[in-house]
Amino acid sequence: MLLTSLQRLRDHFNSGITKDYSFRKEQLKKLKSSILKHEQDLYDSLYADLKKSPEETWVAETGFVISELNATLKNLHLWMQPENVETNLLNLPSSSKVLKEPLGVVLIIGPWNYPFQLLINPLVGAIGAGNCVVLKPSEFASATDAVMKKIIEDVFPPEYVLYVQGDGSTVIPEMMNNFTFDHVFYTGSTVVGKIIYKMAAEKLVPVTLELGGKSPCVVEDDANIKVAARRIAMTKFSNAGQMCVAPDYVLVHESVKERFISAMTGVVKDFFGDKPEQSYNYSKIINEKQFDRLTGYLSNAKIIFGGRTDRQQLFIEPTLIDNVNTNDAVMKDEIFGPVLPLISFKTKEEALKVIGQHPNPLAFYVFTSSNAKENDWLNSVAFGGGCVNNASWHLTNHHLPFGGRGFSGTGNYHGKYSFDTFSHKKAIMKTPTWFDPSIKYPPLKGKLKLFKWVIR
Ligand code: NAD
């Protein structure tokens, strides 16, 4: 049944209908109006799944995607144009250009933490680039999953955008092992990312992997501590820390550690009050499995503030922990929750040693007032993307490519980068027939000197 549906997508793509500019534009407009029609349903479902406020939902989910849609609608025509490029001496008087061609039938797999944004934002790029799409949401954000199904099925026939629900470990292998996609775009954990990569490799299907990891945040001795605390707390405790680019841990220069702790304590109180479980601004943990994993980190920890939990409400207080050792469980895996370990350092080398235990983080943040230190840090750590004196906001600028490297992923997207991810760059050389010198044809003997002059 599923395979028949996938074959229908292939037939639909082969019909050529999705390639036309006006078709693509029309579909993007339809998607936008369907999202806006279901705006309230999305507020309700994201509250049910993660206790997100409408404001947070607009910034990180709905509005985020609407902004991507608007940018794509505005620029799509330009992005689709063939790119004329130079032709080298060897090939003159040929001309050369790069055509942007849709990939075909692509699979987009989403996680549960930003269930709407992380499934629908790549869809914008895939539609803009002229593909047929299979969407596989996470089964763990079930309320949002149900709304997204409506949003998609209200406006798209299944032979164009197919919405596939269910247990990822069953339904994804069923599709990937029996059907050859032209691209797989996966967002989720590194563990599952490896499974996806292996299945794709069997059929040589190209992938984009948007994975996680331990993203470090460095607070230097010359940082504006008040601003650093606000910005770190805002990102780390938004969505209760269930954010791929949240600072996983903070490396704070020992000379400013006490000031930083005091600023963080004040800021968290300002943001969420004495009872964050009752705060309009504070989310819940997605499910019991994640709750149990996260509370496990707290059992032997030296808690500076926070630490209260309630399994019934899936609540974990914003928590700062001190004297963390790199051998502690909390420093082994990505935390992905509202628990922030603090590690102090004296020298940059010391801090680099800690960072080096988890190479290629998705994000990296440095707080400093010195340009020299900023450049030094940016050049010393290999990471996907990041910020100076800020945390996570780089991902909201669609002019920047968003993605990891190595363990945190491969490929990138957002804005034009999404269009490029879902397009093939077809290289074309056109050679006039009026000029066809015999010099390049056999016999070649005696032409080496000339070839050395032309090819250099
Ligand atoms: P996950 O790996 O559990 O699930 C993601 C998707 O994979 C879901 O749709 C699920 O159905 C599917 N899946 C699960 N098991 C599978 C299997 N065995 N075979 C095939 N598919 C399977 O990830 P998650 O827990 O939903 O998300 C959390 C992780 O995602 C964190 O590590 C986080 O850092 C990362 N993440 C990365 C980004 C990014 O943009 N780089 C964004 C959000 C989350």
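Brief remarks on what is shown
- Of the residues in segment 258-270, none is of a type outside the set (Ser, Thr, Tyr) and within 16 Å of the chain's Cα centre (by Cα).
- Inter-residue pairs, beta-carbon under 6 Å, first more than 16 Å from His394 (Cβ to Cβ) and among the acidic types (Asp, Glu) and in segment 222-250, second away from the ligand (no atom under 13 Å from the Cβ) and not in a helix (DSSP H, G or I), 6+ apart: Asp222/Thr368; Asp222/Ser369; Asp222/Ser370
- Residue, nearest to Val207 (Cα to Cα), within segment 50-91, restricted to residues that are loosely packed, with under 12 Cβ neighbours inside 10 Å and among the aliphatic types (A, V, I, L, M): Leu78
- Residue, nearest to Val354 (Cα to Cα), within segment 384-407, restricted to residues that are hydrophobic (A, V, I, L, M, F, W, C) and within 12 Å of the ligand (Cβ to nearest atom): Phe407
- A count restricted to segment 145-162 and to residues that are more than 16 Å from the ligand (Cβ to nearest atom), of a type in the set (D, E, K, R) and closer than 18 Å to Gln40 by Cα stands at 3.
- Members of segment 122-144 that are over 24 Å from Phe179 (Cα atoms) and either more than 9 Å from the ligand (Cβ to nearest atom) or part of a helix (DSSP H, G or I) (or both): Ser142, Ala143, Thr144
- For segment 437-456, taking the residues that are charged (D, E, K, R) and surrounded by 10 or more Cβ atoms within 10 Å (Cβ to Cβ), the one that is farthest from Leu90 (Cα to Cα) is identified as Lys447.
- Restricting attention to segment 44-95, the residues that are acidic (Asp, Glu) and under 24 Å from Pro401 (Cβ atoms) total 3.
- Between Tyr413, Tyr365, Tyr417, the distinction of being within 16 Å of the ligand (Cβ to nearest atom) and touching a Cys at 6+ places or on another chain (Cβ under 6 Å) belongs to Tyr365 only.
- Flag if Leu99 is surrounded by 24 or more Cβ atoms within 10 Å (Cβ to Cβ), in the same structural domain as Glu202 (by TED's automatic domain parsing) and assigned to a strand (DSSP E or B): no
- Unique match (being in a loop (DSSP other than H, G, I, E, B), in contact (Cβ under 8 Å) with a residue 12 or more places away in the chain and in contact with a Phe, Trp or Tyr (Cβ under 6 Å, 6 or more places away or on another chain)) among Ala382, Ala391: Ala391
- Restricting segment 151-170 to residues that are in contact (Cβ under 8 Å) with a residue 60 or more places away in the chain and within 22 Å of the chain's Cα centre (by Cα), the residue that is nearest to Ile195 (Cα to Cα): Val164
The values are calculated or read from the model by the stated rules, or taken from the named source; none is laboratory data. Only a predicted model underlies this, so the values are computations on that prediction, with no experimental measurement involved. Note that we place each Cβ from the backbone using ideal geometry, even for glycine, and neighbour counts take in every protein chain shown.
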